[in-house]
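I have placed the structure first, in the form of structure tokens, so that the comments after it can refer back to it.
Here, each number is a calculation from the coordinates, and none is a lab measurement. Please read all numbers here as calculations on a predicted model, not as lab measurements. No Cβ is skipped: glycine too gets one built from the backbone with ideal geometry, and neighbour counts run over all protein chains shown.
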Amino acid sequence: MKTYRITLLRGDGIGPEIVREAVKVLDTTAAAFGFSVEYTEALLGGCAIDATGVPLPEETIASCKASDSVLLGAVGGPKWDTQPGNNRPEAGLLGIRGALGLFANLRPAVIFEPLRSASPLKEEIIGDAMDIMIVRELTGGIYFGKRGSLEENGVAAAFDTEQYSVTEIERIGRVAFEMAMKRSKRLTSVDKANVLESSRLWRKTMIALSEEYPEVELNHLYVDNCAMQLVRDPKQFDVIVTSNIFGDILSDEASMISGSIGMLASASLNSTKLGLYEPIHGSAPDIAGKGIANPLATILSVAMMLRYSLDEPKAAEAIETAVAQVLQTTRTPDIWTEGTRKVTTEEMGDAVCALIGK
Ligand code: NAD
């Protein structure tokens with residue numbers, strides 16, 4: 001029987017509560033599909049600061065590197081807000097992304113049919129379903145470029161630099177084209193090529209790369225137009241590829257369209273199969289310990305892990321189908337509506353497990 005090694009980074013706030021349910025679902029899925037999972041626990045974020053003084057201990061990096069994949073709950077909370085910037089829980093998050101070379105961030109923005117009314121957009125705009133995959137470059141661009149502060153004629157000034165190499169653009173481009181090949185073969189590349197030199201290189205490189213993927217229909221949008229189109233007609237999009245900063249903003253916008261922060265998963269991948277999988281939401285300190293957090297984003301992160309790191313697509317689909325089914329009758333308080341059963345975090349995990357492979 002195949003055994004996968006997973007490092008669990010439960011993190012802070014609701015992190016341990018939602019990871020517990022995701023592990024339960026993964027174990028149930030493993031039993032149904034004939035593989036097993038070995039877990040290693042490691043510390044990241046506030047809990048790591050409390051135990052070791054730093055948000056990302058060396059042992060955590062070593063454990064993640066020795067794993068087939070990593071599952072993260074969430075980090076942070078008011079307890080650590082007074083830490084200096086480079087020792088905050090979030091610094092641990094950036095650190096682990098860098099240490100594992102996670103250059104591709106996949107952020108699906110999906111609306112599950114039973115939750116259509118949770119979207120702030122009108123139902124006729126959303127249509128029958130919304131299913132967008134945003135592929136964001138995660139380790140380059142302006143967040144990592146040259147920056148500084150200076151004084152010009154006695155006035156304080158500051159600068160940040162957007163820089164991309166062809167190698168970096170090709171690397172993220174390939175992830176996006178491959179993704180488009182597995183989906184509807186439509187890819188939108190987002191840039192600001194009417195103004196930025198780095199965007200002109202981005203566009204030129206994407207066009208050159210498209211010759212390797214003749215089946216994929218590639219189109220280009222300026223980022224301001226894309227931001228507008230996402231709320232005007234989100235159905236037009238399937239896979240979107242973009243730079244670090246544009247992806248940061250557009251993926252938050254797209255996830256808002258789904259209306260339920262507790263439902264959205266994400267994956268960050270490197271050039272091997274290793275990935276870090278986590279819900280897009282934070283540690284929700286306001287509801288931590290109350291047993292009411294929605295574990296579905298973390299459970300759907302496990303489905304992404306099975307698909308993108310562990311090559312178990314049938315197991316991934318079983319989880320996604322179970323989640324879609326469970327939502328018809330069963331909801332945690334954040335997505336509860338009249339006529340459905342209101343459940344705790346643990347009961348939601350049990351409800352998904354009960355439907356796996358059924
Ligand atoms: P948040 O996502 O934690 O919470 C925003 C709101 O959504 C809160 O009202 C919360 O109760 C609710 N919410 C979030 N997840 C939920 C879930 N699964 N079920 C039900 N309700 C849910 O964002 P925030 O309040 O801005 O940040 C709280 C902490 O999390 C901060 O310390 C922040 O830095 C950290 N954070 C961490 C990550 C991460 O670990 N990747 C991401 C974002 C924020």
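For the chain, what is the percent of antiparallel DSSP beta bridges, rounded to the nearest 5?
Working: 22 of 52 bridges.
That works out to approximately 40 percent antiparallel.
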The answer for SER189, listing residues at least 5 apart or on another chain whose modeled amide H is closer than 5 Å to its amide H, is ASN219, HIS220, LEU221, VAL241
In a shell of Cβ-Cβ distance under 10 Å around GLY145, excluding GLY145 itself, what net charge do Lys and Arg (+1) and Asp and Glu (-1) give?
0
FRET efficiency for THR3 and ASP50 from the Cβ-Cβ distance with R0 = 30 Å, rounded to 0.05, comes out at 0.40
Below 13 angstrom from the Cβ of GLY349, what's the summed charge of the other residues (Lys, Arg +1; Asp, Glu -1)?
-4
Tell me the label-point distance for the pair LEU150, LEU196, using the 7 Å Cα-to-Cβ offset, in nm and rounded to one decimal.
2.1 nm
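Could you work out the local net charge near ARG331, counting Lys and Arg as +1, Asp and Glu as -1, over the other residues with Cβ closer than 13 Å to its Cβ? All intermediate terms of the calculation are to be shown ahead of the outcome.
On the way: positive: ARG341, LYS342; negative: ASP334, GLU338, GLU347.
Around ARG331, the surrounding residues sum to -1.
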For segment 165-182, in residue order, the Karplus 3J(HN,Hα) values (coefficients 6.51, -1.76, 1.60; θ = phi - 60°; whole Hz; Gly and Pro = x) are 9, 4, 4, 5, 5, 4, 4, 6, x, 4, 4, 5, 5, 4, 4, 4, 4, 7
Residue-ordered couplings for segment 67-83, obtained by feeding phi - 60° into the Karplus form 6.51 cos²θ - 1.76 cosθ + 1.60 and rounding to whole Hz (Gly and Pro as x), are 9, 7, 6, 10, 10, 10, x, 6, 10, x, x, x, 4, 10, 5, 8, 5
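At a Förster distance of 41 Å, what's the computed FRET efficiency of GLU346 paired with THR82, Cβ-Cβ distance as r, to 0.05? Working shown, then result.
Working: r = 33 Å, r/R0 = 0.80.
Plugging the Cβ-Cβ distance into 1/(1 + (r/R0)^6) gives 0.80.
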Label point distance in nm, THR167-LYS122, each placed 7 Å from Cα along Cα→Cβ:
5.0 nm
Length gained if LYS314 through ASP286 is fully extended, taking 0.36 nm per residue and subtracting the Cα-Cα distance, is 6.5 nm
State, to one decimal in nm, how far the label point of PHE35 lies from the label point of THR329, with both points 7 Å from Cα in the Cβ direction.
3.0 nm
Less than 29 Å apart at the alpha-carbon level, and either on another chain or at least 8 residues along: which lysines does that give for LYS146?
LYS65, LYS192, LYS204
Roughly speaking, what is the stretch gain from GLN236 to ASP160, that is 0.36 nm per residue apart minus the C-alpha to C-alpha distance, in nm to one decimal?
24.1 nm
